[in-house]
Each structure stands twice: as structure tokens, then as C-alpha cells.
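The values are calculated or read from the model by the stated rules, or taken from the named source; none is laboratory data. Keep in mind that what you see is a predicted model, and the values were worked out from it rather than measured. In this analysis, Cβ positions are derived from the backbone assuming ideal geometry, glycine residues included, and neighbour counts consider all displayed protein chains.
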Amino acid sequence: MILAQHLRNTSPWLSDFGRLFDAALRGVVTTPADLRVHEDDDGWSLEVDFPGVSRDELDLELKEKALHLRVKDDTRYRLPLGDKVDVGAVAARFEDGVLAIRLPKADATRDTHRIEIH
């Protein structure tokens, strides 16, 4: 799970929650075992190694608020994104056997309208 891995990587005291979260959703969502997630102020960067795989053997799609990845051998992964990702700006590149995906954060102010009080 992206969330659980991220929690374990950033907050040791949350590792029990991460394990509980993993157990609760096991079988519902699949992610590559070697998925690396990095967060910054603008979004998340995901990296997964696919040695021996060409770009043409990967299929990446956004649907139903999730990132769907299919590999040549029909291995399938589904990574839920939620509402915090700007799905219109997701980008991916594949170089030297590494798939890198950039998930920009959605603009928190897009659903906010400031009301002036008179």
C-alpha cells in the first residue's frame, strides 16, 4: 500500500497503523513490492524497477481515481489516488528499466471560493 509504505518510511510510531492498514486492504489493491514513493510540497514521485521490460510492454492508465499498470506478462497493479492528485497533470517516463511517475498535488484552492464580508 502506498500510504502504509509512506507512513513506515516517515514516521516510525505509525508503523503499526501501516501494518494494520495493509492487512485491512490486502487483496483489494495491489502495488509493486519495490515501489518507491517520495513526497515533496508539489506532489509525489513513484519509481518502480522493470528490468528486461521495454516501454512498449507497459500500459499505464488513470481511471476510477486509480492508477492502473499492466506489464507484458499480464501482471496488473492498481494504485488508488484519491482526490489529492491532479489527475490531469500526471506524467510518466520509462528510462533504463525504471518507470517514474509524477503525481502532482491538486490545487487545494480550486474548490475554495473566498467570500468577502461587507
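Just a few scattered comments:
- Tabulated pairs, the stretch 55-84, first free of Cβ contacts under 8 Å to residues at least 60 places away in the same chain and over 17 Å from ASP34 (Cα atoms), second aromatic (Phe, Trp, Tyr) and surrounded by 14 or more Cβ atoms within 10 Å (Cβ to Cβ), C-beta under 7 angstrom, 6+ apart or interchain: ARG55/PHE94
- The lone criterion from (1) of a type outside the set (Ser, Thr, Tyr); (2) out of contact with any Lys or Arg (no Cβ under 6 Å at 6 or more places or on another chain); (3) modelled with pLDDT under 90 left unmet by ILE101 is number (3).
- When the test is whether a residue is touching a helix residue (DSSP H, G or I) at 6+ places or on another chain (Cβ under 8 Å) and at pLDDT below 90, ARG110 does not pass it.
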